[in-house]
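Engineer: Take a look at this one; I'll ask things after.
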Amino acid sequence: MPLEDELCDILKKSRMGQGWSVVDLARMTGLPGSDITALERGDRPRDRTEVRALAKALGLRAEPLAQIAIEQWTPVAQHPPAWVETIHGSINGYGVQGYVIHDAGEALLIDTAYNATAMIEFLSARRLNLVGIGLTHGHADHADGIEQILARYPAPVYLGAEDVELLSWRPPQSQLTTPVHGQTITVGRLAVHCLMTPGHTPGGVCYRVDDSQVPVCFVGDTLFSGSIGRSNPSTLYQTHLASVRAAVLGLPPEYRLLPGHGPATTVEEELAHNPFYASVS
């Protein structure tokens, strides 16, 4: 699976997150504004010198950025453990992933994948008892369809309070649960830990499972392999970086990271290859 973000996406996310115009970035790098605009539209960089100049100005790591822009780096293929089912959805061809954590007859959904039908079919086929829907955030491609699922399987919906207003359909207050950082949701013999990770949205949540064989963190759009989601609003950019660097990439290196878009990755891969990563001071 190709990376969710290319150089053009990374440049725009970082520049806009810092509130800079193309003119601002041109002044800081010494590169023509027309060249920066072309790169943000998908052109390939001339050489590593150009990439280094942009990385330095934007506060990104130059070598990982060059690996993505020039060497076409992608992570080593990762597969979810047996207790995770990946559900794929599409919005006019734009792919999105949701997940079903299941064990001992119980299940927790991580996002809806904009595909409630497939979620319901999997739960029905396996005769699973739904213990909850864990939303990583409130955007439609991750949350739409919860009304269909709840009509068939009444269950609590976990979502950061700041994201409730983003929902296109709001569950009854009695079914909405605001997670607390470190809160545990039990799914069969599994313990799913809620991590508050604001940045992509104000109420972003990641979900961590400390499995002894295959530890996993479901990261939604907080992190993509080699990138991060867009900070919404852009004023959350620094908060977003802090969430990525501390809550997600602060996990042990063997953790598999399952995002809402693009390929799965690991903490180890992202520590080495994600341009947005830098150790927390």
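Derivation of every value follows stated rules applied to the coordinates shown; laboratory data play no part. For clarity, every value in this text was computed on a predicted model and none was experimentally measured. Cβ atoms come from the backbone with ideal geometry, glycine included; neighbour counts cover every protein chain shown.
Engineer: In segment 111-153, what is the volume of the convex hull around the alpha carbon atoms, normalised per residue and reported in Å³?
Structural biologist: 58
Engineer: While we're looking at this one, here's another question. Could you work out the per residue convex hull volume over the alpha carbons of segment 131-174, in cubic angstrom?
Structural biologist: 67
Engineer: What share of the DSSP beta bridges in the chain is antiparallel, in percent to the nearest 5?
Structural biologist: The antiparallel fraction comes to roughly 70 percent.
Engineer: Also: Between beta-carbons, use under 13 Å as the cut-off and find the net charge around residue 169, counting Lys and Arg +1, Asp and Glu -1.
Structural biologist: -2
Engineer: By the scheme Lys and Arg +1, Asp and Glu -1, what is the net charge of all other residues having a beta-carbon under 15 Å from that of residue 205?
Structural biologist: With Lys, Arg at +1 and Asp, Glu at -1, the net is -3.
Engineer: Only one of the listed values, (1) 28, 23, 18; (2) 37, 21, 19; (3) 34, 19, 17, was derived from the coordinates as semi-axes √(5λ) of the Cα gyration tensor in Å; which label is it?
Structural biologist: (3)
Engineer: Quick one: compute the contact order of segment 189-252, relative version, from alpha carbon pairs under 8 angstrom and 6+ residues apart, as a percent.
Structural biologist: Dividing the mean separation by the residue count of segment 189-252 yields 33 percent.
Engineer: Oh, and also: So what is the 222 nm mean residue ellipticity for the chain from helices alone, if each DSSP H run of at least 4 adds -39500 (n - 2.57) and you divide by all residues, rounding to the nearest 500 deg cm²/dmol?
Structural biologist: After summing the helix terms and dividing by residue count, I get -8000 deg cm²/dmol.
Engineer: With an 8 Å Cα cut-off and a minimum separation of 6 or more residues, compute the relative contact order for the chain in percent.
Structural biologist: In percent, rounded to a whole number, it is 18.
Engineer: If all Cα-Cα distances of segment 100-188 are sorted into 5 Å bins from 0 onward, what percent lands in each bin, rounded to whole numbers?
Structural biologist: Calculated P(r), rounded to whole percents: 3, 15, 29, 26, 18, 8, 1.
Engineer: Here's a follow-up. Farthest toward the dipole's positive end in the chain, which of 174, 199, 133, given Cβ charges of +1 (Lys, Arg) and -1 (Asp, Glu) about the Cα centre?
Structural biologist: Value: 199.
Engineer: Okay, next question. Net charge near residue 88, counting Lys/Arg +1 and Asp/Glu -1 over other residues with Cβ under 13 Å of its Cβ?
Structural biologist: -4
Engineer: Quick one: Cα centre-to-centre distance for segment 21-62 and segment 186-202, in angstrom?
Structural biologist: First find each Cα centre; the distance between them is then 36 Å.
Engineer: I've got another one for you. Considering only DSSP beta bridges whose two residues both sit in segment 1-141, what percent are antiparallel, to the nearest 5?
Structural biologist: Antiparallel bridges: around 70 percent, rounded to the nearest 5.
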